[in-house]
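Enquirer: Below are the C-alpha cells for one structure; questions will follow.
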Ligand SMILES: Cc1cc2nc3c(=O)[nH]c(=O)nc-3n(C[C@H](O)[C@H](O)[C@H](O)COP(=O)(O)OP(=O)(O)OC[C@H]3O[C@@H](n4cnc5c(N)ncnc54)[C@H](O)[C@@H]3O)c2cc1C
C-alpha cells in the first residue's frame with residue numbers, strides 16, 4: 001500500500017482517533033462527514049480499494065463503462081448537502097422505464113391499464129374485477145408480501161401482470177415468505193396505483209401527477225471514481241483520514257474504546273461506527289453470529305449490441321414468468337454509443353437456476369430471443385458478481401437483524417446503513433437520511 005496516497009493515513013503517525021467508520025460506501029462517507037462536522041477526529045476504513053461501496057463500475061478495453069446497477073441519482077438528494085462537489089460530475093438524464101409482461105409485451109412499468117387490464121378481454125376483465133372484489137372483502141388479514149399485493153390488485157391480476165413472479169425474482173424468495181412490514185414499507189406504490197381514484201384517472205388518460213420536481217442524474221460516463229475522489233477531497237480537507245484496502249483483521253475492546261488491527265498496523269479509537277455487513281463485523285469482534293442473515297448475490301452481465309433491440313425505453317424490468325434476469329439498463333441511451341454499438345447491463349439474482357455468469361448469459365440470450373428482443377449481434381463484454389447486494393427479508397429476518405445489532409451495541413459498536421443495518425435502502429438518498437438520523441445531525 002502506498003502511504004503517500006491522499007487516501008491513506010500513515011497509521012504509525014496518527015494511531016488514535018475519536019471515531020473509526022468501517023466501510024466507505026455512501027453510509028460510511030456520510031457518517032464521516034457528520035462526525036467531522038461534530039468535531040470528531042475520524043478515520044474511515046474499507047477493505048475494498050475503492051470508495052463508494054456498491055457503487056462499483058467496470059470498464060472494458062474497448063471503452064465501455066458499466067456498473068452493478070446503482071447509477072441514478074437526483075439533484076435534490078441530501079447527499080449533495082454533504083458533498084456539493086458531486087453535482088457537476090453527474091450527467092442529467094431523462095430515463096424511461098418499461099417492463100416485459102408475461103404476455104411477451106414491452107409495456108408500462110409498473111402496471112399498464114391498457115395491456116394488463118383492458119387487453120385481458122371481457123372474460124379476463126370479469127375475473128380481474130371479481131378477484132379484486134373478493135380480496136378487498138375477504139382477504140383483509142395479511143401475513144406476508146403476497147397477501148399485501150393480493151389485497152390491492154387481486155389474485156388474478158397479481159399473476160397476469162407478472163408482479164408475483166417479479167417479487168420472487170427481486171426478493172430472492174417466494175412472496176409468501178417475504179416479511180409483511182417490508183411489503184408495507186417498500187411496496188406502497190401498489191396500493192397507490194390500485195386505488196380506485198388512480199385507476200379512474202389512468203382510464204381517462206389524465207396525468208397521474210405533476211412531473212417530478214427534481215432532476216434525474218446518472219453517474220459520470222467514465223464511472224464512479226471521479227465522483228468519489230471529489231468526496232474524498234472534501235473529507236480529507238475537513239480532517240478525515242481514509243484507509244482503503246485496509247485488510248481489517250480484528251476489533252478488540254480496550255478500557256476506553258477499541259483497538260482495530262489492520263494489515264498495516266493498529267489503530268485506537270473511542271468510538272466505532274460500522275456500515276459493513278453484520279456477519280463480517282461479528283467475525284471481526286469475535287462475537288458469535290446471532291443468526292443467519294441471508295443476502296442476495298447479484299450477477300451483473302455487461303453486453304454491447306448492434307441490431308434491433310425491440311424496445312425504446314432505457315430501463316426494462318422482467319415481469320415475465322421465465323428468465324432469471326431482473327432488470328436491464330441501456331447506458332448508451334445516456335452516454336452515447338461506443339464504436340457505433342449500444343451497451344447495457346443486465347442484473348441477475350443468483351439462485352437455484354442461475355448461479356454463474358455463464359448460466360446467466362445463456363439464460364438471458366435464450367429468454368430475450370424467445371421474446372423478440374436483441375435481434376442482432378450481442379456480445380458479452382464482461383461481468384461482475386456482488387455479494388451482499390440486498391438483504392433477504394424472509395419473515396423474522398428484521399427481528400434477527402435487530403437482535404444482532406443490539407448485541408453489537410452492547411459490545412459498544414453502532415451498526416448502521418444498508419449492510420450494517422440490514423436495511424433495504426433503495427437509494428443513496430435514503431442511506432444519507434438514515435445515517436444523519438442515526439448520528440443525530442443534518
Ligand atoms: C444493484 C443496486 C442498484 C441500486 N441502484 C440505485 C440507484 O440507482 N440510485 C440510488 O440512489 N441508489 C441505488 N442503490 C442503493 C444505494 O446504492 C445504497 O443505498 C447505498 O449505496 C448503500 O450504501 P452503504 O454504504 O450503506 O452500503 P455499501 O455501499 O454496501 O457499503 C458497505 C461498505 O462496507 C465495506 N465492507 C464490507 N466488508 C468489510 C469489512 N470486512 N471491512 C471493512 N469494510 C468492509 C464495503 O467495501 C463497502 O464499501 C442501489 C443498490 C444496489 C445494490
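The values are calculated or read from the model by the stated rules, or taken from the named source; none is laboratory data. Remember, predicted model here, so these are calculated numbers, not experimental data. Glycine gets a Cβ as well: all are built from the backbone with ideal geometry, and neighbour counts include every protein chain shown.
Enquirer: Evaluate the following for residue 44: is it modelled with pLDDT under 95 and within 16 Å of the ligand (Cβ to nearest atom)?
Expert: no
Enquirer: Moving on. For the range 391-403, enumerate the residues that are within 15 Å of the ligand (Cβ to nearest atom) and within 21 Å of residue 31 (Cβ to Cβ).
Expert: 391, 401 - these are the residues of the range 391-403 that are within 15 Å of the ligand (Cβ to nearest atom) and within 21 Å of residue 31 (Cβ to Cβ).
Enquirer: Failed condition for residue 440, given (1) surrounded by fewer than 20 Cβ atoms within 10 Å (Cβ to Cβ); (2) within 16 Å of the ligand (Cβ to nearest atom), with all others met?
Expert: (2)
Enquirer: State all residues of the range 237-279 that are farther than 17 Å from residue 16 by Cβ and in contact with a helix residue (DSSP H, G or I) (Cβ under 9 Å, 6 or more places away or on another chain); if no residue qualifies, say none.
Expert: Across the range 237-279, the qualifying residues are 238, 248, 249, 250, 274, 275, 276, 277, 278, 279.
Enquirer: Look at the range 250-297 and say how many of its residues are closer than 22 Å to residue 30 by Cβ and within 15 Å of the ligand (Cβ to nearest atom).
Expert: The number of residues fulfilling the criteria is 16.
Enquirer: Of all residues in the range 340-390, how many are at pLDDT 95 or above, in contact with a helix residue (DSSP H, G or I) (Cβ under 8 Å, 6 or more places away or on another chain) and within 16 Å of the ligand (Cβ to nearest atom)?
Expert: Qualifying residue count for the region: 5.
Enquirer: Restrict the check to the range 115-135 and report whether at least one residue is in contact with a strand residue (DSSP E or B) (Cβ under 9 Å, 6 or more places away or on another chain) and part of a strand (DSSP E or B).
Expert: Checking the range 115-135: not a single residue is in contact with a strand residue (DSSP E or B) (Cβ under 9 Å, 6 or more places away or on another chain) and part of a strand (DSSP E or B).
Enquirer: Please go through (1) surrounded by fewer than 20 Cβ atoms within 10 Å (Cβ to Cβ); (2) outside any loop (DSSP other than H, G, I, E, B); (3) within 16 Å of the ligand (Cβ to nearest atom) for residue 426 and return the number of the only condition it doesn't satisfy.
Expert: Against the list (1) surrounded by fewer than 20 Cβ atoms within 10 Å (Cβ to Cβ); (2) outside any loop (DSSP other than H, G, I, E, B); (3) within 16 Å of the ligand (Cβ to nearest atom), residue 426 comes up short only on (2).
Enquirer: Any residue at all in the range 119-132 that is within 13 Å of the ligand (Cβ to nearest atom) and in contact (Cβ under 8 Å) with a residue 12 or more places away in the chain?
Expert: Scanning the range 119-132, I find no residue that is within 13 Å of the ligand (Cβ to nearest atom) and in contact (Cβ under 8 Å) with a residue 12 or more places away in the chain, so the answer is no.
Enquirer: For the range 42-59, give me each residue that is crowded, with 17+ Cβ neighbours inside 10 Å and in contact with a strand residue (DSSP E or B) (Cβ under 8 Å, 6 or more places away or on another chain).
Expert: 42, 43, 44, 45, 46, 51, 54, 55, 56, 57, 58
Enquirer: Return the pair list, or none, for Cβ contacts closer than 6 Å from residues in the range 60-72 that are within 12 Å of residue 383 (Cβ to Cβ) to residues that are more than 15 Å from the ligand (Cβ to nearest atom) and at pLDDT 95 or above, at least 6 apart or on different chains.
Expert: Final answer for the pair search is 60/381; 60/382.
Enquirer: With respect to the numbered conditions (1) under 22 Å from the mean Cα position of the chain (by Cα); (2) closer than 23 Å to residue 328 by Cβ; (3) buried (at least 16 other Cβ atoms within 10 Å of the Cβ), which one is the sole condition not fulfilled by residue 96?
Expert: Failed condition: (3).
Enquirer: Could you tell me which numbered condition residue 247 fails, if it satisfies all but one of (1) within 11 Å of the ligand (Cβ to nearest atom); (2) assigned to a helix (DSSP H, G or I); (3) surrounded by fewer than 18 Cβ atoms within 10 Å (Cβ to Cβ)?
Expert: Status for residue 247: all satisfied but (2).
Enquirer: Looking only at the range 259-280, which residues are over 13 Å from residue 41 (Cβ atoms), more than 31 Å from the chain's Cα centre (by Cα), touching a residue at least 40 places away in the same chain (Cβ under 8 Å) and not in a loop (DSSP other than H, G, I, E, B)?
Expert: Result: 265, 266.
Enquirer: Among residues belonging to the range 20-41 that are part of a loop (DSSP other than H, G, I, E, B) and crowded, with 24+ Cβ neighbours inside 10 Å, point out the one that is farthest from the ligand (Cβ to nearest atom).
Expert: 24
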